[in-house]
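Structure record follows, encoded as structure tokens.
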Amino acid sequence: MPDVVDDVVELTDAKAIRAIAHPARLIVIDRLYDGGRPLTATQAAELAGITPSAMSYHLRALERFGIVRRAQEGGDGRERPWVRAARDLRIRPRAPTSSRAVASATGAVLSMAMDVTKQRLLASVDRSMSKGDAALPLDAVTSYAHTTLLVTPDEAGDVLKKILALIEPLNVEERTNPPEGAERLTLLVAAAPDPDMTLTVTNRS
């Protein structure tokens, strides 16, 4: 089972990590944890493009690992919604005897998460190129950038902290009174070492 520390659900073992390695589950986790709004199984199914019964199965699976939970009874007879189990969800692999299984499960999640993001990018490009007025306003800013930095570990940490500090005030959960016309925008920030090229920097001063 995941640990819950300071309102954070941490997935540390292979079985818990693999539980989220499904496109429909990643989509609903993204929406529940990014803003904290509740979703019924029907609403979640519409987001993921699957049937409500299939989504109910996925939600119950996530519930078993403490990732989502049922909202309190509303008392109005409507479908009982689902909510996130904590404010944040993190994958924090630990490396005891099952390190290979954990690495495999983490890789599966990352692969599917990247695929979900890719589909969003492609859908936005398609709307911008072929649908004219049907394009969404934010389609105009759809972009992909890739660059390689030459940094020390401290510099890399500082860059990431500055990026997060810049975007935090615009976070969907923090921005309680957004201006008119504001819409949701997925921003992916990823950082990974480049093992294919080793550079030796010589101080000539």
Self-check item: GNM top mover of 112, 129, 55 - the chain, alpha-carbon springs below 10 Å
Solution: 129
Quiz item: Ratio of Rg to Rh for segment 95-174, alpha carbon only, Kirkwood?
Solution: 1.09
Quiz item: Over the chain, what relative contact order in percent results from Cα pairs under 8 Å that are six or more residues apart?
Solution: 22
Quiz item: Picking from 21, 123, 192, which is most flexible by a Gaussian network model of the chain using Cα springs under 10 Å?
Solution: 192
Practice problem: Per DSSP H run of at least 4 residues, take -39500 (n - 2.57); add these up for the chain, divide by its residues and hand me the 222 nm value, nearest 500 deg cm²/dmol. | Solution: -13000 deg cm²/dmol
Quiz item: So what's the chain giving for Rg/Rh, alpha carbon basis, Kirkwood Rh from the mean inverse pair distance?
Solution: 1.01
Practice problem: Report the full-extension gain for the segment residue 183 to residue 104: residue separation times 0.36 nm, less the Cα-Cα distance, to one decimal in nm. | Solution: 24.9 nm
Quiz item: At a Förster radius of 22 Å, what calculated FRET efficiency corresponds to the Cβ-Cβ distance of residue 164 and residue 8, to the nearest 0.05?
Solution: 0.90
Quiz item: Quick one: helix 23-33 against the long Cα principal axis of the chain, what's the angle to the nearest 10°, folded into 0 to 90?
Solution: 90
Exercise. Name the lysines eligible as straight-distance cross-link partners of residue 118: C-alpha to C-alpha under 24 Å, and not fewer than 8 places from it in the same chain.
Key: 131
Quiz item: Of 167, 67, 17, which has the largest mean-square fluctuation in a 10 Å C-alpha GNM of the chain?
Solution: 167
Quiz item: Fully extended, how many nm does the chain gain between residue 134 and residue 176 (0.36 nm per residue separation, minus their Cα-Cα distance)?
Solution: 12.3 nm
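None of the figures in this text is laboratory data; all of them are computed from the coordinates on show. Keep in mind that this is a model prediction, so the values were computed, not measured. Don't worry about glycine lacking a Cβ; one is built from the backbone with ideal geometry, like all the others, and counts go over all protein chains shown.
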